[in-house]
Each structure stands twice: as C-alpha cells, then as structure tokens.
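Novice: Let me begin by handing over the structure; questions about it come next.
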Amino acid sequence: MQEQTITALCAALTAQQLPFAQGEPLAPHTTFKIGGPAAFWCTPRDAEQLRRTLQLCRGKRCPRLPARQRLEHTV
C-alpha cells in the first residue's frame, strides 16, 4: 500500500474514532499461528463501525481481502 494511502486512511479512521492498528501481527489471529504484520488491522465493535470502516476503505481505494479469500490464499 502506498504511503500516501496509508497516511490518508490512518487520518480518516482516527477522525471517525474507528478502532484500528498498524503492523498488527496476524499470527495470534490465525489457526496455525502464522502470519506477518498487517498494514491495517481493523476491529469494528458493531455493524455501524464495520459499515463506516468499509466505506472509508472503499473511498481511499484500499485493497482488502474478505476472510474467506485470506484463508484460501494461506492454505
């Protein structure tokens, strides 16, 4: 992800008070305990936060993989 996109997404998520982390290790979140750091790890607490997070990501043209695709690509 380009630095400009990362900066813009970080500012937008912070402004909307949406929970996220940068560089979150993926290993604790996977069955086999493997995985490097995620550029962004978003943890919406409810459906409204999820909707707003996805809306921001689409607006910033951020790449994302749904959980099913992540699983299929890592197996």
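Novice: Determine which single condition Gln2 fails, assuming it passes every other condition in (1) of a type outside the set (Phe, Trp, Tyr); (2) modelled with pLDDT under 90; (3) open to solvent by less than 80 Å² (accessible area, probe 1.4 Å).
Specialist: (3)
Novice: Kindly indicate whether Leu13 is without any contact (Cβ under 8 Å) to a residue 60 or more places away in the chain and either part of a loop (DSSP other than H, G, I, E, B) or open to solvent by 50 Å² or more (accessible area, probe 1.4 Å) (or both). Reasoning before the result, please.
Specialist: Values: without any contact (Cβ under 8 Å) to a residue 60 or more places away in the chain: yes; either part of a loop (DSSP other than H, G, I, E, B) or open to solvent by 50 Å² or more (accessible area, probe 1.4 Å) (or both): no.
Spelling it out, it is not the case that Leu13 is without any contact (Cβ under 8 Å) to a residue 60 or more places away in the chain and either part of a loop (DSSP other than H, G, I, E, B) or open to solvent by 50 Å² or more (accessible area, probe 1.4 Å) (or both).
Novice: Which is modelled with pLDDT of 85 or more and not aliphatic (A, V, I, L, M), of Pro19, Pro66?
Specialist: Details: Pro66 fails: modelled with pLDDT of 85 or more.
Of Pro19, Pro66, the one residue that is modelled with pLDDT of 85 or more and not aliphatic (A, V, I, L, M) is Pro19.
The values are calculated or read from the model by the stated rules, or taken from the named source; none is laboratory data. Since this is a predicted model, take the numbers as computed values, not measurements. FYI the Cβ positions are ideal-geometry reconstructions off the backbone, even for glycines, and counts take in every protein chain you see. Quick note on the areas: whole protein, heavy atoms, side chains included, nothing else; ligands and nucleic acids left out. Shrake-Rupley method; radii C 1.70, N 1.55, O 1.52, S 1.80 Å.
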